[in-house]
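First up is the structure itself, then whatever we jot down about it.
The values are calculated or read from the model by the stated rules, or taken from the named source; none is laboratory data. As the structure is a prediction and not an experimental result, all values here were calculated from the model. Positions of Cβ are generated from backbone atoms using ideal geometry, with glycine treated the same way; all protein chains shown enter the neighbour counts. Heads up: the accessible areas ignore ligands, DNA and RNA and are worked out on the full protein's heavy atoms, side chains in. Shrake-Rupley method; radii C 1.70, N 1.55, O 1.52, S 1.80 Å.
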Amino acid sequence: MIDAVPLTQVSTEDATAWHAVVAASLAADLPEEPRPTFEQIHAQLTVTGRENRRLLWLATEADGAVVGVAGLRLFTSPGQQHLAELELHVTPDRRRSGVGSHLLATVVRAAREEERRSLVAAAPGEGPTGAFCAARGFRRVLALDHLLLDVAQADAAEAAAEHPGYELVSWTGTVPDELAEAFASAKNAMNDMPTGDMDYGSQTWTADRVRAMAEVLADRGDLLLTTAALGKGEMAGYTEIVIRSGETHRALQYDTVVVPAHRGHGLGLWVKAEMVRRLRAEHPGIEEIETDNAQDNTHMIAVNRRLGFRFHRSTHEYQMDLLAE
């Protein structure tokens, strides 16, 4: 018998069990990928997002052994209150025994009780997770390519290029007050990013919201680096990198965007090349950057290729339409 035990307060013991399940699951599904540390998992479980809520469950056997975990992220910001995101892992030795199905049924029931219409989940491009999703009512809605950049080998020459009328600015952590409104305005340009057939909704960024996002990352112990292009009285584009707490090797690409009125001037490549230069100078231990792009986002893929990013693996996003019985 499997029991889905809800977590309302996450203890160190709970986080340890969660970490063990995730590490074993990822070792089976993505053996070449670095494992999250206990500190990263603990922060993920205990640091609450400002505009989402998380519901958590442990799948336990009769003897109390934890053999699976599930997390449901409930978006609460206007424009995405219909959406929930699933994370589900089962230890490899207990797959195909009903653990995942029991957890999924628990999550779906909770999402419907929260009046969500769409549940999304990510699955590696190869492996059993996608088949699990497809067999249980999910449909594939978006294909992503993950790319890796060798920081030492990257072509960052564009960082020194001249872009008349524009200047580069950089900061660490929370955006400076004098740039907060302009940064929020630029972030709203992310609403035209390719999302395939996903019922993603839209986001509205304000100065307070961008500050809150940076605070959440800081509370987790993560380091947020931003480089932006300013021009014609506004922020024309920016790129963000996150170095997770305890990470010594790989940084994660967050947003990169150029505001529509400023596209076609090479600003995306410019800010990303400057970020590479900055990583080399400020964080020489970081050897690679991981990013992901929708497969139909041909422009950003071309920019990343010019820097030296190479294909690493693929991910598929799946969606369950919860209003359908």
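Run the accessible area of segment 234-277 with a 1.4 Å probe and give the carbon-and-sulfur part as a rounded percent.
Numbers: 720 of 1420 Å².
The nonpolar share, carbon plus sulfur, comes to 51 percent.
Let me know the shape class of segment 139-205, please: from the alpha-carbon gyration tensor, a ≥ b ≥ c as square roots of the eigenvalues, rounded when a/c is under 1.5, otherwise prolate if a/b is greater than b/c, or oblate.
On the way: a/c = 2.30, a/b = 1.24, b/c = 1.85.
Oblate, because a/c is 1.5 or more while a/b does not exceed b/c.
Could you please state, rounded to a whole Å, how far the C-alpha centre of segment 197-253 is from the C-alpha centre of segment 71-112?
Taking the Cα centre of each part, segment 197-253 and segment 71-112 sit 26 Å apart.
I'd like the Karplus ³J(HN,Hα) series for segment 54-61: coefficients 6.51, -1.76, 1.60, θ = phi - 60°, whole numbers in Hz, and an x wherever there's a Gly or Pro.
Ordered by residue, 3J(HN,Hα) equals 10, 10, 10, 9, 10, 8, 10, 8 Hz.
Within segment 74-178, report the GluC sites (Glu not before Pro) that DSSP leaves as loop and that have at most 16 other Cβ atoms within 10 Å. Spell out each step's value before the answer.
On the way: sites: Glu85, Glu87, Glu113, Glu114, Glu115, Glu126, Glu158, Glu162, Glu167, Glu178; in loops: Glu114, Glu115, Glu126, Glu162.
Here the sparse-neighbourhood loop sites are Glu114, Glu115, Glu126, Glu162.
Is the shape of segment 100-155 best called rounded, prolate or oblate, per the rule: a/c under 1.5 gives rounded, else a/b larger than b/c gives prolate, else oblate, with a ≥ b ≥ c the square roots of the Cα gyration tensor eigenvalues? All intermediate terms of the calculation are to be shown ahead of the outcome.
Values: a/c = 3.07, a/b = 2.25, b/c = 1.36.
Prolate shape, in that a/c is at least 1.5 and a/b is the bigger ratio.
Extending each Cα 7 Å along its Cβ direction at Glu51 and Glu162, get the distance between those two points in nm, one decimal.
So the two model labels end up 4.0 nm from each other.
Please check which bits of segment 114-134 a label hung off Arg96 would reach, taking the label as a point 7 Å along Cα-to-C-beta and the cut-off as backbone N under 17 Å.
The answer is 127-134, whose backbone nitrogens lie closer than 17 Å to the label point.
Heavy atoms only, probe 1.4 Å: what % of the accessible area of segment 78-177 goes to carbon and sulfur, would you let me know? Write out the running numbers ahead of the final one.
Numbers: 2350 of 4970 Å².
Roughly 47 percent of what the probe reaches on segment 78-177 is carbon or sulfur.
Quick one: helix 267-282 against the long Cα principal axis of the chain, what's the angle to the nearest 10°, folded into 0 to 90?
Tilt of helix 267-282: around 80 degrees.
How big is segment 1-86 by the Kirkwood estimate over distinct Cα pairs, in Å? Show your work: numbers first, answer last.
Numbers: mean 1/r = 0.0714 Å⁻¹.
Every distinct Cα pair counted, the radius reaches 14.0 Å.
Can you give the FRET efficiency for Glu178 and Met1, using 1/(1 + (r/R0)^6), R0 = 56 Å, r = Cβ-Cβ distance, to the nearest 0.05? Mind showing how you got there, number by number?
Working: r = 59 Å, r/R0 = 1.06.
Working from the Cβ atoms, E equals 0.40.
Using a Förster distance of 51 Å, how high is the FRET efficiency between Thr12 and Ala131, based on the Cβ-Cβ distance and rounded to 0.05?
Step by step, r from the Cβ atoms, then E = 0.90.
Using a 1.4 angstrom probe, figure out how much accessible area the chain has per residue, in square angstrom, rounded to the nearest whole. Mind showing how you got there, number by number?
On the way: 15080 Å² over 325 residues.
The answer is 46 Å² per residue.
Please work out whether segment 143-300 counts as rounded, prolate or oblate from its C-alpha gyration tensor, where a ≥ b ≥ c are the square roots of the eigenvalues and a/c under 1.5 means rounded, while otherwise a/b larger than b/c means prolate and anything else oblate?
On the way: a/c = 1.14, a/b = 1.10, b/c = 1.04.
Cα axes put segment 143-300 in the rounded bin.
Can you give the calculated 222 nm mean residue ellipticity of the chain, where each DSSP H run of n ≥ 4 adds -39,500 (n - 2.57) and the sum is split over every residue, rounded to the nearest 500 deg cm²/dmol? Present the calculation step by step, with values, prior to reporting the outcome.
Values: 8 runs with 97 residues, N = 325.
Here the helix-only value at 222 nm equals -9500 deg cm²/dmol.
For Phe132, what accessible surface area do you get with a 1.4 Å probe? Give it in Å², rounded to 10.
50 Å²
DSSP loop (so not H, G, I, E, B), at most 12 other Cβ within 10 Å: list which trypsin sites (Lys or Arg not before Pro) in segment 82-132 pass both filters.
Numbers: sites: Arg94, Arg95, Arg96, Arg109, Arg112, Arg116, Arg117; in loops: Arg95, Arg96, Arg116, Arg117.
Sparse-neighbourhood loop trypsin sites (Lys or Arg not before Pro): Arg96.
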